[in-house]
Amino acid sequence: MDWTKAKSILIVALVVTNLVLIATYFLQDSRFEEDEKEMQKVTIKLLEEKGIIVETDIPEGRNRMPKLTVQYDKTNENAIEEQLANQKIIPETELTEEALISMTMEFIEACDMMTDNVTFDKITRRGGEIRVSYKNYINEIAIEDSHINVIIKDGKIVDFERYWLEPIEINDTEKEVIPAVAALIKFMSENAEEERIYVKDISLVYWLDSSSFDVEFPVTDTAFPAWKITYNRGKIHYILAWEQ
């Protein structure tokens, strides 16, 4: 028998067993709240041993969240074209952050696409182009992939990008979500990256796998609570957060 190969198999089996035991402890132990800080320390140490460095605060506490019914809201291209054609050019010196937010929100409103969920995210300046970004939030939780990007150049809006999942119904049933530390452990077990991993952010979101969502037909679908893990120059991994 190849002892080296057998030894490698044994090590892998022990690692998997430890992961299962730790995850079970995190999820089921009644002492979770009083031991949370210690659990975070253990988790961070374990992740570091596996080449995963957490460079952000790990959310604490346990939350209960419902699932969310959403529907793809098709963009009115005619309204966008009309508004693009009827703009006033604003001098570059007047394009302050406040002015950029104001002009882009007015544009969204004029296109009849403004809702309570449209939330300002950030302004990015690159070369002569300015991008004002908005996200989709409900009850302070982001609906993933939903976004509006308004691109400004030479003092006017030159492009408008929108992918929007409109919330239709919040389910009456709330379930407890898994702790962030448990999501990080699952991320470690699912990770196939060969390079060292630097976790930049971890946050709760509503997530629907958009690759399986048909935007050509306005059907409804379900977005579930998930932990969004951002790492290594903007890479993203989602861990479903409802306890099974």
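Some observations on this one:
- Note, ³J(HN,Hα) from phi for region 44-56, Karplus 6.51, -1.76, 1.60, rounded to Hz, x at Gly and Pro: 4, 5, 5, 4, 4, 5, 9, x, 10, 9, 8, 10, 8
- Accessible surface computed residue by residue for region 141-231, with neighbouring protein chains in place and a 1.4 Å probe, gives 46 Å² per residue.
- Taking Lys and Arg as +1 and Asp and Glu as -1, the other residues whose beta-carbon sits under 11 Å from that of T222 total -2.
- Residues whose amide H lies under 5 Å from that of K175, counting only those 5 or more places away or on a different chain, are M65; hydrogens are built 1.01 Å from N in the peptide plane.
- For E169, residues with placed amide H under 5 Å, excluding near neighbours: T69
- Here the Karplus curve 6.51 cos²θ - 1.76 cosθ + 1.60, taken at θ = phi - 60°, turns the phi angles of region 97-103 into couplings of 4, 4, 5, 5, 5, 4, 5 Hz, with x standing for Gly and Pro.
The values are calculated or read from the model by the stated rules, or taken from the named source; none is laboratory data. On a predicted model such as this, the values are computed, not experimentally measured, just so you know. Every residue, glycine as well, gets a Cβ built from its backbone with ideal geometry; the counts of neighbours run over all protein chains shown. Side chains are part of the model used for accessible areas, which takes the heavy atoms of the whole protein and leaves out ligands, DNA and RNA. Shrake-Rupley method; radii C 1.70, N 1.55, O 1.52, S 1.80 Å.
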